[in-house]
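Written out below as structure tokens is the structure these notes cover.
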Amino acid sequence: MTERPAEQSFLATTPDGAVLQCWSQGEGPTTLLLVSGLGGTGGFWKGTSATLSGQLRILRFDQRGIGGSSRGAAPCTIEQLARDCLTVLDAAKVERCVFLGHSTGGCIGQALARIAQERLSGMILSATWLKPSRYMSGLFGTRRDILDIAPDAYAATATLLAYPPAWLEANWQVYDASIANAPVTSKERQVVRERIDALLSFDGSAHAASLDLPILVLGSRDDMIVPAFLQEQLAQALPGARTVLLDSGGHFFPISRPDAFTAKVAEWVAGL
């Protein structure tokens, strides 16, 4: 078995005082910055990082107010979360990277490409959307209401929606872990609430045509959180974007279909 490169942790401090917990793994010539979705954890990418770090340098981090990262004073917006990515790149001494954002992370990537396109050599938008829709507003508005009433139910429904049922049945420890980590404190719920508000406010449609860099839209046809039609809408708005939709995997296909996911990512990055 090939030994994986050791992972190193480091901290990145934003101008408003948020201290971000970051990790770097691998020493490849290309750096891949991994940005997770609503949950905001770097842990979402641990398996992806281990697999791809043999050929790439992988950066991942806990977003502000999540996991090992402090909240800071700035309002939580998609643009602010994009600027946090620049803080991570600067702390890691990386001038240019390939960006991979999943779900809300893909919205962050679109904002990052708008404000600092010179820092990106390519971008993968995984399970991501372009602009507000009735579906997203209905889904996340309901999830926000559940969050305030019953945090355990919020965590349960989030997990039940995110994975294919058969996969989750066979990996029920994922459900149990989600319940154990439900946002039960008022502080935790406030962080989740402001992140839901941020994603619902994002609209990348005015700037999509100006994103002049290689882009891969990567998704799954059975995604119930960001349905395929929203991902196809995103791809149509981006000039020259390539689209790959897996036949299955649910919203969290990087976890439920790790081999297919990392293979698609590695193949696309190698072609840049």
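Residue pairs whose Cβ atoms lie under 7 Å apart, separated by 6 or more positions or on different chains, with the first residue in region 94-116 and closer than 11 Å to Leu34 by Cβ and the second among the polar types (S, T, N, Q) and part of a loop (DSSP other than H, G, I, E, B), are Val98/Thr30; Gly101/Thr128; His102/Ser36; Gly105/Ser36.
Please give the helices (runs of 4 or more DSSP H) falling wholly within region 152-271 in which 2 or more residues are β-branched (Val, Ile, Thr) and either surrounded by 13 or more Cβ atoms within 10 Å (Cβ to Cβ) or under 16 Å from the mean Cα position of the chain (by Cα) (or both). I'd like the intermediate steps shown before the answer.
Details: elements: 165-170, 173-180, 186-201, 228-237, 253-256, 258-270.
Counting at least 2 such residues, we get 173-180, 186-201, 258-270.
Taking the criterion of being crowded, with 24+ Cβ neighbours inside 10 Å and either over 17 Å from Leu59 (Cα atoms) or more than 16 Å from the chain's Cα centre (by Cα) (or both), the residues of region 101-129 that qualify are Ser103, Thr104, Cys107, Gln110, Ala113, Ala127, Thr128, Trp129. Among the residues of region 148-186, which ones are among the charged types (D, E, K, R) and either in contact with a Pro (Cβ under 6 Å, 6 or more places away or on another chain) or modelled with pLDDT under 95 (or both)? Asp148, the sole residue that qualifies.
In region 72-124, of all residues being assigned to a helix (DSSP H, G or I) and among the β-branched types (Val, Ile, Thr), the one that is nearest to Ser49 (Cα to Cα) corresponds to Val88.
Kindly check whether there is at least one residue in region 63-83 that is among the polar types (S, T, N, Q) and in contact with a strand residue (DSSP E or B) (Cβ under 6 Å, 6 or more places away or on another chain).
Step one: filter region 63-83 for residues among the polar types (S, T, N, Q), giving 63, 69-70, 77, 80.
Filter once more, so that each one left must be in contact with a strand residue (DSSP E or B) (Cβ under 6 Å, 6 or more places away or on another chain): 69-70.
Yes; the residues of region 63-83 include at least one that is among the polar types (S, T, N, Q) and in contact with a strand residue (DSSP E or B) (Cβ under 6 Å, 6 or more places away or on another chain).
The values are calculated or read from the model by the stated rules, or taken from the named source; none is laboratory data. All of these numbers come straight from a predicted model, not from anything done at the bench. No Cβ is skipped: glycine too gets one built from the backbone with ideal geometry, and neighbour counts run over all protein chains shown.
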